[in-house]
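What follows draws every value from the coordinates through simple rules; no lab data is involved. These numbers were taken from a predicted model, which means no experiment stands behind them. Note that we place each Cβ from the backbone using ideal geometry, even for glycine, and neighbour counts take in every protein chain shown.
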């Protein structure tokens, strides 16, 4: 019985590199920007920049390090009624359910500033991975939707989404409505 061992030099073998995502460096949070719209103001991180082309009560806030934009739409409650705004916002969120694997809802309650609403985290490869609405139930309604300027890939975007959710929690907690006087 003859046994032959054949070996090879391991220095000449190349192995394929595993797939990986880009490395994102997250900076320390600093919320010194005071963002003001027509009837609201809130704190925003220093790396967030308002789009100079934004007009009226709507704001586009660019998160430059993430190549993402938060689109904010302000609507007075008396324009269309609160229930219509709530239902329309919910409809816009659930239109993404075709691509989303799940939708997590978070209730927002800040009675000190009369801020109430719902935030939606869309899990999966949907076009928008985070949306919310905020209202005082009487005069103000603010809707937000986060979009990344990239092909949806939730696994790659998740660290950035989780990082930005802290910014949105700060927005929710610092939001103050302007006083509307009744005539």
_On Cα atoms only, tilt of 82-94 relative to the major axis of the chain in degrees_ = 10 degrees
*Give the angle, between 0 and 90 degrees and rounded to the nearest 10, that separates the Cα long axis of helix 154-174 from the longest principal axis of the Cα atoms of the chain.*
30 degrees
*Using a basic spin-label model with each label point 7 Å from the Cα along Cα→Cβ, how many nm lie between residue 178 and residue 165?*
3.3 nm
*Residue with peak Gaussian network fluctuation, the chain [Cα springs, cutoff 10 Å], from 105, 95, 28*: 28
_With 10 angstrom as the radius, rank 1, 83, 165 by how many other C-beta atoms surround their C-beta, starting from the fewest._
1, 83, 165
_Please check: in the Gaussian network model of the chain (C-alpha springs, under 10 Å), which one of 61, 98, 161 has the largest mean-square fluctuation._
98
_Largest to smallest principal axis extent of the C-alpha atoms in the chain, angstrom_ = 105, 34, 31
*When the helices in the chain are scored as -39500 (n - 2.57) per DSSP H run of 4 or longer and the sum is shared across all residues, what 222 nm value do you end up with, to the nearest 500 deg cm²/dmol?*
-6000 deg cm²/dmol
